[in-house]
Structures are given as structure tokens and as C-alpha cells.
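Working notes, beginning with the structure itself.
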Amino acid sequence: MSKKETFISYINENYSTKGEHILLGAAMLDGEALGETQVKIPLKTVTRHGLIAGATGTGKTKTIQVLSEQLSSFGIPVLMMDIKGDFSGIAKSGEEKPFITERHAKINIPYTPSDFPVELMTLSAQDGVRMRATVSEFGPVLFSRILNLNETQAGVMAVIFKYCDDKKMPLLDLKDIKKVLNYITEEGKDEISESYGKISTATTGIILRKIIEIEQQGGDFFFGEKSFEIDDLMRIDENGKGYVNILRLTDIQDKPMLFSTFMLSLLAEIYHQMPEKGDVEQPELVIFIDEAHLLFDEASKALLDQIETIIKLIRSKGIGVYFVTQNPMDIPKGVLAQLGLKIQHALRAFTANDRQSIKETADNYPTSEYYQTDELITALGIGEALVTALNEKGIPTPLAATMLRAPQSRMDILAEDEIAEINTKSKLVRKYTEAIDRESAYEILNKKIEDANTQSQEQTTVQEEEKQESNEPSTASVVGKSVLKVVTSASFIRGAFGVLMKLFKK
């Protein structure tokens, strides 16, 4: 057989599937797309997580769109972290244009425009489904890791949560935890010392400053009620398509702490709430984390360890997590090792550092007798990528340079009126729009301090009245003193002697 025939047989053999699958496109050899090949991803391996990498403008977003469309078609919900705001077009049908017709003719895949059910979500004041969580839901360990607290500071945080649990004081938002911090070092200092031990004001001051830092990044919007319910990510529409939940994050690119806080809380909540599934035929939910470096850049070692642990364990719950970034080196090695599917778009080599990074990236992919990987990475066109996945037995597939199919939905963003239309029709927007501020630690402690101040004032008033009464003379004493004053006065004495002299003369 010729090299081409051998290659076609090689790809089809290694990318064949018996069960349901995602069809990415056709393999390429020497720059030519071979329509006789099909690069497929078995649905049962989607929970093994993945990476989508490549330079800006090489087609990463469209690749996510293709994956999300096919997942939705199988009734699998998607959560997409849309940092750049260019993913919303999946809600509307695409339009077949000449370049799409030409591409699909090359890869021998029919093109059918289609739209998909969408929910638009937000962590901030943008319009959409508000996603919130309470401080209590984080718990002391996770909340301490978010704040990057040391062992001593984390111990104080554990005391705060224990004290609030004992006193039935919910910790809902950041003003609750700030109020407790102030209380245990001021009005409640003696109470805390007696029951939980002494707490340094220097330690609480450091914790307070770190909480304020999260607050300034928008944490006051995120922490609170009504808490978002994970089940609302798992919805299927009336046509059997999974909802594509788009979290619009265009206003938090400069707030990495808030982003990592949200992501860790979401992954932890999903992990704790979802039942064990083991190996499943298809995932329950797939999460795409765009600009994934934002999750890791500001993360402490403890936070990175927590993320790595959750990524290892969450696949048994039927959840697939996909990191989207410009360079695979943005992903910590411990996390990168957990990723079964890798889709590598083109990288650009402008400097010596770029060339070194490309070499390191190429080393993360299987060697191939058909490709010089480090050279091919820089030569890929828009909508082309190197692909390696896991087959149905969990064995890595060989590297396949792939011409990817085009999205079936719109490849442009929604207009403002289209966004408004989706939000107006959304049941979840109505469910989560109103912020609830029920009685919690902030209100309870304020009332406790107010009652203590009132009681203290009443005691002071009573003591002053008692003191005043003890200093005031009685009526008998006043009369006696008045009589004594009269009988000892000079005029009284002279008068008394005058009367006696008259009596003796007689």
C-alpha cells in the first residue's frame, strides 16, 4: 500500500468506535484533508477531561462550539466559561457560506445549520442568571484555601465557623464573616477566649484584609443567597437537547481571585452533590474553562492541590472538565497529566522562548512517523489541530492532524436584543434574580451588641440612681439637722436666756 493508503487505514483503525461518539473532522497528511478518514471521540471517554490549546485566532472557540453542539445533541448539558464573550452565537442557527461548503466537501461531512438551547449566566451585575454561593457552603477548609491562609490563620477560621455553628448564626455573605472577625476581637473577646481560646488581633487583621481583597474583586456579588443549585446545570429542553450554559465573564478578566474562587467552589459543589457513576457511556455534564491560566496564575499551592485532587476524582461523578488556553504550559503538570483528550491548534514562534515552548509542547504529544510535531504545530491553519484522545478501551490514540468541521450554529456573537430575549424567556433568571438577605451572623451580632449596650446602659443608670439615693439625707435627718441648727443659733440662745432671767426675778 502507498503511504496515503497506509495512513488512512491507520487512522480509521485507531479512531473507530462502537458506541456514540463526537465527530471532529478528517485527518490530514502532508497538508491534505483526507475525507476517507474520520477522527472520532467516544462519548464514554469524555469524562477523562481534556485540553484545547493554541494561539489567539487559530480557532479554539469554534472547536469548543463544535464539541458543545454535539454534546448538546446527545442530551448532554454544557457549562462554558466565556471570558472573551464570543461564544453566545451557539443560540442561533449558522449560515452555510462558501468557505464552509468547501471545508465540509474536503472532510466529507454534511453541514446542517442548527441552534441549541442556551442559558446566559453571570457572577456580577450583568444581565443573566445570577450564580451565588454562601460562605457556609465553602466551609472553613476551602474558604481558608481560597484566602491562602497559613496554618494559624486557618485555625482561627475553623474557630469562627465552629462558633457560628454553635450559636446558630449563618455565614451567608462577606459582611457576615467580617462582622464575626470584628466581634471576636472586640465585644466578644472574653466570650471567645473562655470557650475557644485566645485569638490574636494581628491574625484576624490579616484575614480581614484578605477578605477585603476578594470583596474588591467582586466577591460581594458572588457570596450570598439565593445559592445556585447544581441541578439547574443539568437541564434538557423539550427536543432532548442539553442546555448550553454560558457563564459570561468578560468583566472579571482582571479578577483572577474571584474566578478561581468560583471555579473551585463549583467543582467542589458538583463533586459533593453528584452521585458516584463510575465509568459511564456518556457524561452527565461537560465544563469548558476558557482562559484557564486565570484559574492557576494567582492560585496558591494549597489551592492548586485542591483543584488537582478534584479533577482526579470528579470524573467518577460523570463530569468532564476541559481547559482552554493559549499554551499547554499554562496548565500545572499534575493537572495536565489527567487530561485524556488534547486538541492542539497552531502556536506561533516569534522568539527563542516561543521556540523552546513549542518544543516542550510537542514533547507532550505522542511521536508519529507521519508528522514532525514541533514543525507542524507552527504550520497548522485556522480550524486545523493536532488531536490525540482515548479510545473506548482508554488507550491513547495516535496523533492526527485534523481539519475540523465548522460549527452548525452562528459563528458570531448575539446582539443585545437577542441576549435580552433569552433572558426574558429564562425561568432561571426569574428564579435567581432577587438577592435574599435573611437574618444571618451580621444581623444577629449587631442585635447582640445592641442588646448588650442597652443592658449596660440600664445597669449604669440603676447604679447611678442607687448611688444618688444613698447620698441623699432622709426626712428625719433633715428635720433633726434643721432643729439642731435652730437651737444652736446665737439668736435662739439669747432669746432663751432672756426668758429665764425674767422668771428668776419673779
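The values are calculated or read from the model by the stated rules, or taken from the named source; none is laboratory data. Bear in mind the structure is a predicted one, so any value in this text is a computation, not a measurement. In this analysis, Cβ positions are derived from the backbone assuming ideal geometry, glycine residues included, and neighbour counts consider all displayed protein chains. The protein model used for the area step is the full one, side chains on, heavy atoms only, and it has no ligands, DNA or RNA in it. Shrake-Rupley method; radii C 1.70, N 1.55, O 1.52, S 1.80 Å.
For the structure I just gave you, tell me whether PHE221 is over 26 Å from ALA91 (Cα atoms), modelled with pLDDT under 85 and either surrounded by 18 or more Cβ atoms within 10 Å (Cβ to Cβ) or not hydroxyl-bearing (Ser, Thr, Tyr) (or both).
Considered against the rule, which asks whether it is over 26 Å from ALA91 (Cα atoms), modelled with pLDDT under 85 and either surrounded by 18 or more Cβ atoms within 10 Å (Cβ to Cβ) or not hydroxyl-bearing (Ser, Thr, Tyr) (or both), PHE221 comes out as yes.
Scan segment 393-430 residue by residue and report those that are open to solvent by 70 Å² or more (accessible area, probe 1.4 Å) and either touching a Leu at 6+ places or on another chain (Cβ under 7 Å) or without any contact (Cβ under 8 Å) to a residue 60 or more places away in the chain (or both).
Listed by number, the residues that qualify are LYS393, ILE395, PRO396, GLU416, ASP417, GLU421, THR424, LYS425, LYS427, ARG430.
Is it true that GLY139 is farther than 24 Å from LYS447 by Cβ and not polar (S, T, N, Q)?
Values: farther than 24 Å from LYS447 by Cβ: yes; not polar (S, T, N, Q): yes.
The answer is yes for GLY139.
Please find, within segment 194-210, the residue that is farthest from ILE444 (Cα to Cα) out of those that are out of contact with any helix residue (DSSP H, G or I) (no Cβ under 7 Å at 6 or more places or on another chain) and in a helix (DSSP H, G or I).
Ranking the qualifying residues of segment 194-210, first place goes to ALA202.
Of everything in segment 290-307, what is crowded, with 18+ Cβ neighbours inside 10 Å and either assigned to a strand (DSSP E or B) or free of Cβ contacts under 8 Å to residues at least 24 places away in the same chain (or both)? Give them in sequence order.
none
Report, ordered by the first and then the second residue, all pairs with beta carbons closer than 7 Å, sequence separation of six or more or different chains, a first member in segment 431-455 that is aromatic (Phe, Trp, Tyr), and a second member that is modelled with pLDDT of 75 or more and in a helix (DSSP H, G or I).
TYR442/LYS175; TYR442/ASP176; TYR442/LYS179
Working only within segment 39-65, note down all residues that are open to solvent by 10 Å² or more (accessible area, probe 1.4 Å), within 25 Å of the chain's Cα centre (by Cα) and either of a type in the set (Lys, Arg) or modelled with pLDDT of 95 or more (or both).
Correct list: ARG48, LYS60, LYS62.
Conditions tested, residue by residue: (1) touching a residue at least 24 places away in the same chain (Cβ under 8 Å); (2) over 14 Å from ASN108 (Cβ atoms).
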| site | (1), (2) |
| --- | --- |
| THR6 | no, yes |
| ASN14 | yes, yes |
| GLU20 | yes, yes |
| ALA26 | yes, no |
| ASP30 | no, yes |
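Applying the selection to segment 112-134, what residues are outside any strand (DSSP E or B), touching a strand residue (DSSP E or B) at 6+ places or on another chain (Cβ under 6 Å) and buried (at least 21 other Cβ atoms within 10 Å of the Cβ)?
Across segment 112-134, the qualifying residues are PHE116, GLY128, MET131.
Quick one: in segment 275-289, of everything that is modelled with pLDDT of 90 or more and aliphatic (A, V, I, L, M), which residue is surrounded by the most Cβ atoms within 10 Å (Cβ to Cβ)?
Among those residues, the one meeting the criterion is VAL286.
Identify, from the list GLU137, GLU191, GLU213, the residue that is closer than 24 Å to ASP231 by Cα and either in a helix (DSSP H, G or I) or open to solvent by 10 Å² or more (accessible area, probe 1.4 Å) (or both).
Of GLU137, GLU191, GLU213, the one residue that is closer than 24 Å to ASP231 by Cα and either in a helix (DSSP H, G or I) or open to solvent by 10 Å² or more (accessible area, probe 1.4 Å) (or both) is GLU137.
Report whether or not PHE161 is within 24 Å of the chain's Cα centre (by Cα) and closer than 17 Å to GLN306 by Cβ.
Criteria not met by PHE161.
Quickly run through segment 108-162 and pick out the residues that are of a type in the set (Phe, Trp, Tyr) and farther than 19 Å from VAL78 by Cβ.
TYR111, PHE138, PHE143, PHE161, listed by residue number.
Conditions: (1) open to solvent by 20 Å² or more (accessible area, probe 1.4 Å); (2) farther than 26 Å from LYS427 by Cβ. ILE109 meets all but one. Number of the miss?
Failing condition for ILE109: (1).
Among the listed residues LEU258, LEU267, LEU181, which satisfies the condition of being over 30 Å from LEU428 (Cβ atoms), assigned to a helix (DSSP H, G or I) and open to solvent by less than 20 Å² (accessible area, probe 1.4 Å)?
Among LEU258, LEU267, LEU181, only LEU181 is over 30 Å from LEU428 (Cβ atoms), assigned to a helix (DSSP H, G or I) and open to solvent by less than 20 Å² (accessible area, probe 1.4 Å).
So, in segment 358-369, exactly how many residues are part of a loop (DSSP other than H, G, I, E, B) and open to solvent by less than 30 Å² (accessible area, probe 1.4 Å)?
2
Would you please name the residue that is farthest from ASP86 (Cα to Cα), looking only at residues in segment 431-448 that are open to solvent by 20 Å² or more (accessible area, probe 1.4 Å) and assigned to a loop (DSSP other than H, G, I, E, B)? Walk me through how you get there before you give the answer.
At the first step, the residues of segment 431-448 found to be open to solvent by 20 Å² or more (accessible area, probe 1.4 Å) are 431, 433-439, 442-444, 446-448.
Pick out the ones that are also assigned to a loop (DSSP other than H, G, I, E, B) and you get 433-435, 437-439.
Values: THR433: 24, GLU434: 27, ALA435: 28, ASP437: 34, ARG438: 37, GLU439: 40 Å.
Taking the candidates together, the pick is GLU439.
Of all residues in segment 18-38 being outside any strand (DSSP E or B), more than 30 Å from LEU313 (Cα to Cα) and not aliphatic (A, V, I, L, M), which is least open to solvent (accessible area, probe 1.4 Å)? So that I can check it myself, show each step before the final result.
Just the residues of segment 18-38 that are outside any strand (DSSP E or B), to begin with: 18-20, 30-31, 34-38.
The next check asks that each one be more than 30 Å from LEU313 (Cα to Cα); those that pass are 30-31, 34-38.
With the extra rule that they be not aliphatic (A, V, I, L, M), the set shrinks to 30-31, 35-38.
Values: ASP30: 121, GLY31: 67, GLY35: 19, GLU36: 107, THR37: 0, GLN38: 64 Å².
Ranking the candidates gives THR37 first.
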